[in-house]
Amino acid sequence: LLISLQWIVAGNRCNPSHRRHRCSDAQYFEELYNYYMTDKAWQLCDPNAERVFQALRKAGVKVAVVSNFDTRLKPLLRALNCDHWFDAVAVSAEDDFPVCIPST
């Protein structure tokens with residue numbers, strides 16, 4: 001994986017022992033949703049990753065991201081300054097190919 005989640009402390013709002021454990025506060029959800037669109041919530045796993053992608057490009061290898069992440073992915077890659085590593089980025093939420101949920 002190129003990026004990983006840095007868990008944040010959300011206080012008592014999402015603590016299962018707290019009476020508001022379902023995080024139903026719309027403003028809080030919006031803040032949390034927006035937070036995960038920033039580079040503060042994520043980090044590159046390998047500080048040498050850029051060199052790997054440069055070597056791949058030099059060798060003529062095309063690299064793409066195909067993801068079922070939501071529309072925050074492209075802005076997130078830009079914020080992490082790694083969007084230029086990829087020849088293409090396809091996000092199901094943007095390309096109208098939502099993830100299917102199999103029926104049981």
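Throughout, read-outs are computed from the coordinates displayed, never taken from laboratory work. None of these values were measured; they are calculated from a predicted model.
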Check cross-link reach from LYS40 to the lysines: straight Cα distance under 24 Å, and skip same-chain residues fewer than eight apart. LYS74
Check VAL65: other-chain or 5+ apart residues with amide H under 5 Å from its amide H, H built from backbone geometry? ALA88, VAL89, ALA90
Could you give me the ³J(HN,Hα) list for the range 56-64, computed from phi with Karplus coefficients 6.51, -1.76, 1.60 and θ = phi - 60°, whole Hz, x at Gly and Pro? 4, 4, 4, 7, x, 7, 8, 10, 9
